[in-house]
Amino acid sequence: MRVIRPVLLRLVRESSGRSQEDFAALFGLRQAIWSKYENGNAQPTAETLSHLCARTGYEPAFFSAPVPEMPVGLVFHRKRAALPAAVRAAGVE
């Protein structure tokens with residue numbers, strides 16, 4: 001079996017707008033198990049991967065594709081209200 005990339009599991013779940021608990025329930029899993037998949041502490045079974053692909057429309061190869069490294073600054077997001085007042089006043093984000 002191929003190694004499933006945890007970041008891709010999280011990407012698919014987050015793009016669906018579901019919580020870990022809701023997403024795991026779609027496959028008859030507990031939230032704790034899904035969390036282990038997303039954190040790379042466990043790999044989904046072939047059956048779970050098959051259900052995931054059927055439900056989401058992704059091919060199994062998608063979940064084992066190489067993931068390019070992205071600098072943290074490109075993916076980090078803060079609400080404007082959470083920025084320091086001086087930064088908000090300067091209009092720099």
Subset of segment 42-93 (residues that are open to solvent by 100 Å² or more (accessible area, probe 1.4 Å), modelled with pLDDT of 60 or more and in a helix (DSSP H, G or I)): 47, 55
Residues of segment 11-40 that turn out to be open to solvent by 40 Å² or more (accessible area, probe 1.4 Å), closer than 23 Å to residue 66 by Cβ and at pLDDT 95 or above, as a count: 1
Total residues in segment 19-41, condition part of a helix (DSSP H, G or I) and within 16 Å of residue 2 (Cα to Cα): 2
Within segment 34-55, tally of residues that are among the aliphatic types (A, V, I, L, M) and touching a Phe, Trp or Tyr at 6+ places or on another chain (Cβ under 9 Å): 2
Residue list for segment 39-56, restricted to those being small (Gly, Ala, Ser) and either more than 14 Å from residue 11 (Cα to Cα) or touching a residue at least 40 places away in the same chain (Cβ under 8 Å) (or both): 42, 46, 50, 54
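The values are calculated or read from the model by the stated rules, or taken from the named source; none is laboratory data. Nothing here was measured: the structure is a model prediction, and the numbers come from that model. Using ideal geometry, Cβ is built from the backbone for each residue, glycine included, and neighbour counts are taken over all protein chains shown. SASA here: full protein model, heavy atoms, side chains in, ligands and nucleic acids out. Shrake-Rupley method; radii C 1.70, N 1.55, O 1.52, S 1.80 Å.
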